[in-house]
Each structure stands twice: as C-alpha cells, then as structure tokens.
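Trainee: Sharing a structure, written as structure tokens. Questions coming.
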C-alpha cells in the first residue's frame with residue numbers, strides 16, 4: 001500500500017508514542033523546499049517561518065506526550081542540502097524533535113544498504129523510496145515483521161550523537177587553531 005496526502009498525515013497523527021525515521025541520503029529533492037534552499041544558498045537564514053508547519057506538529061506531538069525522532073547518516077564534507085537541513089533541524093529540535101547524526105566519514109557505516117524509513121510506535125513501518133538524485137518516488141507500507149527495523153533503530157541510536165553535540169563538534173573543528181610553530185618541527 002502506498003501512502004500519500006491524507007494517508008501519510010494519518011500515519012503521524014495516529015501514532016500513540018513515537019514516530020522515528022532513518023535518513024541515509026546526502027540530498028533530498030522536495031519541491032516544497034526548493035525556494036527555501038535557493039534562499040539559503042543565496043545567504044539568507046533558514047527562519048522558523050520556513051519550518052513552521054513541521055515545528056507546530058512536533059510541538060503538538062510533544063505536548064501530548066508523543067515523541068518524534070530521527071537519525072541522519074552523513075559524510076563530510078556536508079552537501080549544500082545537508083547544510084540547509086541542519087539549519088532546519090535547529091528549529092525542529094527546539095520544537096522537541098530528537099535529531100541525531102551518524103557521521104560515517106571515517107568509519108564503516110553500520111547501516112550500509114538500509115533504506116530510509118519511518119517507524120510508528122515501533123510496529124508500523126513505511127519505506128521511503130527515492131531516485132538516485134534524492135527525488136521521492138513513493139512511500140510504501142511495509143507488510144513484514146518490524147523487528148529488523150527496530151534493530152536498525154537501536155543501532156542508529158547507539159552509533160549516533162545528538163544533533164547539537166554534532167554541530168558543536170563541527171564548529172569546534174573549524175575554530176581549532178593550527179599547530180604552533182614548534183609542533184610543525
């Protein structure tokens with residue numbers, strides 16, 4: 001069964017405890033984001049207004065005791081899209097979304113070959129299908145057992161760090177002074 005429009009929204013609104021996602025791509029091509037990305041690449045900040053609909057939903061879920069989270073697998077250097085998305089994440093984290101980053105730049109990817117998915121209440125799985133360029137093709141309700149996806153979530157959570165920690169480490173890395181003259185000898 002493919003999910004779109006109201007069916008996709010109902011998947012979120014009907015969750016009782018948690019909606020959680022694994023994101024694996026360096027670029028997502030989403031028509032609704034095109035203008036915001038263009039402005040970001042032109043130097044404009046990503047404002048909360050650009051994230052308001054998702055921000056409001058996450059905030060409402062959190063107020064009702066429901067959790068929303070994700071782990072995004074990345075490699076450095078970050079793509080322009082990921083730099084945009086990280087600015088977006090700043091706002092959704094503020095709303096209560098638990099965003100984590102799994103950087104596999106200098107280590108093997110523990111989830112290599114696992115496709116993007118959303119998991120609702122650790123039982124309902126929606127597989128996300130994309131073209132090679134990140135354009136979404138479809139969302140498909142998975143009919144099998146949820147245990148493999150529960151294990152993917154466990155691995156992703158153990159191997160990742162909170163978004164804020166990751167961004168702080170990136171900032172520190174870029175601010176780190178070079179070696180002193182004595183260290184070069």
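Trainee: Quickly estimate the mean residue ellipticity at 222 nm for the chain, helices only: each DSSP H run with n ≥ 4 gives -39500 (n - 2.57), and the total goes over all residues, rounded to 500.
Mentor: It comes out at -13000 deg cm²/dmol, rounded to the nearest 500.
Trainee: Same structure again: For helix 80-95, what angle does its Cα long axis make with the longest principal axis of the chain, in degrees from 0 to 90 and rounded to 10?
Mentor: Long axis of 80-95 versus the principal axis of the chain: about 70 degrees.
Trainee: Right, another one. What whole-number distance in Å separates the alpha-carbon centres of region 1-62 and region 72-126?
Mentor: 13 Å
Trainee: Calculate how many DSSP beta bridges within the chain are antiparallel, expressed in % of all such bridges and rounded to the nearest 5. Intermediate results must be reported in sequence, preceding the final value.
Mentor: On the way: 16 of 29 bridges.
Of the beta bridges lying entirely in the chain, close to 55 percent run antiparallel.
Trainee: Could you tell me which of rounded, prolate or oblate describes region 5-175, using a ≥ b ≥ c as the square roots of the eigenvalues of the alpha-carbon gyration tensor, with rounded for a/c under 1.5 and, failing that, prolate when a/b is larger than b/c and oblate otherwise?
Mentor: Rounded.
Trainee: Note the angle between two axes, namely the Cα long axis of helix 48-63 and the longest principal axis of the Cα atoms of the chain, as a number of degrees from 0 to 90, rounded to the nearest 10.
Mentor: The angle comes out at about 60 degrees.
Trainee: What distance in nm lies between label points placed 7 Å from Cα along the C-beta direction at residue 106 and residue 147?
Mentor: 3.7 nm
Trainee: Could you work out the relative contact order of the chain? I mean the mean sequence separation of Cα pairs under 8 Å and 6+ apart, divided by the number of residues, in percent.
Mentor: Working: 254 pairs, mean separation 52.1, N = 185.
Relative contact order here is 28 percent.
Trainee: Sticking with this structure for a sec: Just to confirm the number: angle between the C-alpha axis of helix 147-159 and the first principal axis of the chain, 0 to 90 degrees, nearest 10?
Mentor: 20 degrees
Since every read-out is calculated from the coordinates, none of them should be taken as a lab result. Keep in mind it's a predicted model, so treat the numbers as computed, not measured. When we count neighbours, we look across all protein chains shown, and the Cβ atoms used for this are built from the backbone with ideal geometry, even at glycine.
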